[in-house]
């Protein structure tokens with residue numbers, strides 16, 4: 001193994017798919033990098049790949065022991081960690097700490113919970129070691145060819161590493177999809193919300209699939225053609241692009257379309273759930289994201305669902321409909337739902353920024369999400385423009401342009417939600433988007449009754465529309 005002392009500018013811990021590809025991306029951009037993994041096979045595979053010709057690729061080293069790995073790095077050292085979130089991150093930090101020195105920099109590039117990032121940063125700062133929490137989005141291909149990168153932590157620590165990040169990030173025009181986001185756990189918080197929006201968008205697309213497959217009886221070829229066509233219109237984005245491709249993939253084992261032999265039970269790694277939970281802590285409604293998390297949980301009850309399907313009867317099959325009329329409605333409902341989902345996520349970022357002291361620039365967030373990441377979409381240009389015009393925008397739904405788009409498509413969103421309910425096809429994401437829209441645009445809500453109930457049974461008091469102060473009434477005559 002290559003263990004040349006103090007040769008390498010940056011070290012990468014974790015040589016799985018993401019870590020290896022990000023390391024190779026760095027080397028291709030001229031940065032000498034070393035990789036470390038306890039799995040010697042991964043280290044060997046990296047060094048074999050490093051030995052293949054690749055233009056101007058810089059030196060790549062590797063080690064399977066932490067002391068050898070750290071000795072390969074130029075001081076002050078910079079080490080990026082790309083391992084699964086949770087205790088594994090703490091274990092890696094524990095393995096590295098005895099070999100680090102004050103002034104070194106650790107970078108967590110995984111999907112760590114933002115509060116864990118704050119705790120780790122404090123622990124390391126007490127030892128003189130800087131810590132950055134960095135969200136990286138784009139999957140395997142993005143890591144290799146250019147991801148969206150969301151860094152947070154001490155500004156001076158980011159300044160040390162930003163030439164590397166700017167070189168390897170995806171680009172839209174001349175702009176790299178990376179920006180310093182703020183102190184502390186700002187980067188991991190933004191990545192958490194990115195993933196939560198991703199959950200919401202995926203749920204909306206899945207609901208349109210269900211409406212067209214079960215509701216309209218469309219084939220996989222039909223669905224490919226429709227999603228491919230929609231990806232040339234307003235909802236265009238990476239998720240629609242891959243959705244169109246998915247319907248063409250043939251399963252090698254059965255010769256069927258692969259999507260039709262995949263079990264209908266969606267897994268999750270926690271980021272969407274964390275965002276929903278934290279949104280409740282901050283009293284910010286994100287119902288489309290909540291619905292997406294809940295439907296993944298419901299999908300996991302496959303045995304119960306199979307049994308229930310034999311007991312619980314739904315609506316009778318609907319008569320045939322004019323597909324040419326319904327398909328544009330579904331597309332417009334999807335686009336309106338997408339805008340509402342982004343609006344919920346960015347509203348959460350706005351309040352979190354104030355609560356946690358991140359001082360986020362939401363225009364910059366939208367800018368770095370335009371390329372490389374999973375939620376990249378044409379809509380993000382509109383979102384960026386909205387925050388550029390009004391940095392203090394409380395919600396995307398009050399931007400004149402986006403509000404006009406949603407208002408114009410709301411009748412179709414309403415019609416599609418009704419169609420799903422009438423057919424017994426669950427559309428909780430679309431329904432939640434519609435309910436959020438209707439609630440947000442309502443100058444009056446029936447929650448005065450809820451407050452009266454609370455005062456009745458618990459003396460929780462209430463406020464009045466015609467006088468200042470807090471009031472309580474003895475409601476019962478008993």
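A few comments on the model shown:
- Enumeration of residues in segment 16-65 that are surrounded by 20 or more Cβ atoms within 10 Å (Cβ to Cβ), over 31 Å from the mean Cα position of the chain (by Cα) and assigned to a helix (DSSP H, G or I): 50
- Qualifying residue in segment 212-227 (condition: surrounded by 20 or more Cβ atoms within 10 Å (Cβ to Cβ) and under 18 Å from residue 374 (Cβ atoms)): yes
- Counting only helices (runs of 4 or more DSSP H) wholly contained in segment 391-473, the ones carrying 3 or more residues that are under 33 Å from the mean Cα position of the chain (by Cα) and in contact (Cβ under 8 Å) with a residue 40 or more places away in the chain occupy 400-423, 428-440.
- Whenever a residue of segment 274-290 is touching a residue at least 12 places away in the same chain (Cβ under 8 Å), its partners that are surrounded by 17 or more Cβ atoms within 10 Å (Cβ to Cβ) and assigned to a loop (DSSP other than H, G, I, E, B), lying with C-beta atoms within less than 9 angstrom and at least six residues away or across chains, give the pairs 274/113; 275/286; 276/286; 278/284; 279/285; 279/286.
- Of all residues in segment 143-153 being buried (at least 24 other Cβ atoms within 10 Å of the Cβ) and more than 14 Å from the chain's Cα centre (by Cα), the one that is nearest to residue 75 (Cα to Cα): 153
- Condition check for residue 338: in the same structural domain as residue 202 (by TED's automatic domain parsing), surrounded by fewer than 16 Cβ atoms within 10 Å (Cβ to Cβ) and part of a helix (DSSP H, G or I): no
So that you can scan it fast, the table gives a plain yes or no per residue for (1) outside the structural domain of residue 357 (by TED's automatic domain parsing); (2) more than 19 Å from residue 365 (Cβ to Cβ); (3) out of contact with any strand residue (DSSP E or B) (no Cβ under 6 Å at 6 or more places or on another chain); (4) in a strand (DSSP E or B):
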site: 111; (1), (2), (3), (4): yes, no, yes, no
site: 124; (1), (2), (3), (4): yes, yes, no, no
site: 142; (1), (2), (3), (4): yes, no, yes, no
site: 149; (1), (2), (3), (4): yes, no, no, yes
site: 157; (1), (2), (3), (4): yes, yes, no, no
site: 162; (1), (2), (3), (4): yes, no, yes, no
site: 195; (1), (2), (3), (4): no, no, yes, no
site: 209; (1), (2), (3), (4): no, yes, yes, no
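The values are calculated or read from the model by the stated rules, or taken from the named source; none is laboratory data. Predicted, not measured: the structure shown is a model, and the values here were computed from it. All Cβ positions, glycine included, derive from the backbone under ideal geometry; neighbour counts span all protein chains shown.
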